[in-house]
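Undergrad: Please see the structure below; I have some questions.
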Amino acid sequence: MNAAVRSVSSPARGGNDLVAVLNALGHDLQDVYHGFFPGAHDMREMFQYFAEHTYFGPEYAKHISAANAVVPGGFTDFATWARVHMEPS
């Protein structure tokens, strides 16, 4: 999922939040990225921070307003989208 789209289309959700939503729907996902390479955990934490705190930079409010203007009915949150499009196998 494109991080820029995810950031605009749902409340600040990082990887752990997305995994929790999918697991609640019956998937069996785990965080496996910590051991990919030395420093992977730190990088994940850094990107989590960017996703939660002004991912779009100092003008984040302007970008979010522009996205909301394109979709006046509002965006679908990830949990609702996943319920429809990601049935567990």
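Undergrad: Filter the stretch 72-86 down to the residues that are in contact (Cβ under 8 Å) with a residue 24 or more places away in the chain and not in a helix (DSSP H, G or I), then identify the one that is nearest to LEU29 (Cα to Cα).
TA: Across the stretch 72-86, the extreme among qualifying residues is MET86.
Undergrad: A further question on this structure: State which residue is modelled with the lowest pLDDT when the search covers only the stretch 4-49 and only residues that are of a type in the set (A, V, I, L, M, F, W, C), more than 19 Å from THR80 (Cβ to Cβ) and surrounded by 12 or more Cβ atoms within 10 Å (Cβ to Cβ).
TA: ALA4
Undergrad: Before we move on, is ALA69 modelled with pLDDT under 85, more than 25 Å from ALA20 (Cβ to Cβ), part of a helix (DSSP H, G or I) and aliphatic (A, V, I, L, M)?
TA: no
The values are calculated or read from the model by the stated rules, or taken from the named source; none is laboratory data. Just so you know, these numbers come straight off a predicted model, no measurement behind them. Neighbour counts run over all protein chains shown; Cβ positions are idealised from the backbone, glycine included.
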